[in-house]
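Encoded as structure tokens, the structure appears first; notes follow it.
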Amino acid sequence: MATVRCTAAQAIVRYLSNQFTEVDGKQVPLFPGVYGIFGHGNVTCLGEALEAAQETLPTWRGQNEQSHGFCRRRFC
């Protein structure tokens, strides 16, 4: 096995995108995507890693907390 060098953010994104569960006999992603408001705290360090993984872990960006509240409510 070869050594893979990556940042902590890249490792987190890679871990999340490799988690799966089984629903009705089908393997589906445990985390179908992530919500983010970039520019707030630690989310900015994940931006580059999330952008590189758009095919496996899409990112839905919001401009404020209220818009994400509506999205979370609808997703549940």
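Structural remarks
- Take each peptide in 51-59, 17-25, count the other Cβ atoms within 10 Å of every residue, and average; sorted highest first, the result is 51-59, 17-25.
- Under the Karplus curve 6.51 cos²θ - 1.76 cosθ + 1.60, θ = phi - 60°, whole-Hz ³J(HN,Hα) for segment 11-22, x wherever Gly or Pro sits: 5, 4, 5, 5, 4, 4, 6, 9, 9, 10, 9, 10
- Under 5 Å from the amide H of Tyr35 lie the amide H atoms of Trp60, each residue being 5 or more positions distant or on a separate chain, with H modelled from the backbone and absent for Pro and chain starts.
No value in this document is a laboratory result; all are computed from the given coordinates. This structure is a prediction, so every number in the text was calculated from the model and none was measured. Neighbour counts run over all protein chains shown; Cβ positions are idealised from the backbone, glycine included.
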